[in-house]
Amino acid sequence: MADSDNPSVPHLLPDAAHQAVRPGTALLRLVTTHVREQVLDGAWWPRSRDIGAELPGLIAALTEHLGPVLRVGLDAGAWEELPTRLVIDDRVVHIDSFPVGDDTILITRGDQDHFTLLVVPPHATPEAARAAMGRAIQAGNVTRAEQILIDTGTRRAHPVPAEELRTGRERGER
């Protein structure tokens, strides 16, 4: 088999990239299709749990590709200290937080234009993060964020409530 027969995977970060990246640098993958049939529109791998440090880089990257971002919806338990708004590039971005625990971030570009991104936990290994991000942007993906993280060996993005441990939901049991 010739070298040209082996498909290469372009644009993958080297394993040490995440450790070298400082908070605020967006490690982001977005779905590239015009039809939004997937459950998720992309994936984000923040470097820390400090939303004030992480969100500006994400918003700047998203604004470049999607246009101005007006609101962000976050899981309250997955982040340290959540403000209700941040000023990013001279624009106010409102932050809504909910105790949903679904391992996603909801981006609102317009009145009803939402994008849902998988949030890969900062502690994820490069291999697990690449696998999770790849699954999230796979054409036709119907797997929810929590299941992608379980399937790729990435622990939950936030502490598990005691009730979930008792009912077995952490292990993917239903």
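With a/c under 1.5 counting as rounded, go ahead and sort the stretch 30-108 into rounded, prolate or oblate using the C-alpha gyration tensor (a ≥ b ≥ c being the square roots of the eigenvalues; past the cut-off, prolate if a/b is larger than b/c, else oblate). Oblate is the answer for the stretch 30-108, as a/c is 1.5 or above yet b/c matches or exceeds a/b. For the stretch 38-164, the Cβ-based charge dipole about the Cα centre amounts to some 240 debye (Lys, Arg positive; Asp, Glu negative; other atoms uncharged).
Charge tally around residue 85: other residues with Cβ under 14 Å, Lys/Arg +1 each, Asp/Glu -1 each, net -2. Share of carbon and sulfur in the accessible area of the stretch 48-148 stands at 51%, probe radius 1.4 Å.
What the Cα atoms of the stretch 25-156 give is an Rg and a Dmax of 13.6, 39 Å. Let me make sure I get this right: for the stretch 87-137, a, b and c are the square roots of the gyration tensor eigenvalues over alpha carbons, sorted descending. Under 1.5 in a/c it's rounded, otherwise prolate if a/b > b/c, else oblate. Which is it? Prolate is the answer for the stretch 87-137, as a/c is 1.5 or above and a/b outweighs b/c.
The values are calculated or read from the model by the stated rules, or taken from the named source; none is laboratory data. Just so it is clear, the structure is predicted and the values come from calculations on it, not from any experiment. Heads up, the Cβs are rebuilt from the backbone with ideal geometry, glycines too, and the neighbour counts pull from every protein chain shown. Accessible surface is based on the protein model in full, side chains and every heavy atom, while ligands, DNA and RNA are left aside. Shrake-Rupley method; radii C 1.70, N 1.55, O 1.52, S 1.80 Å.
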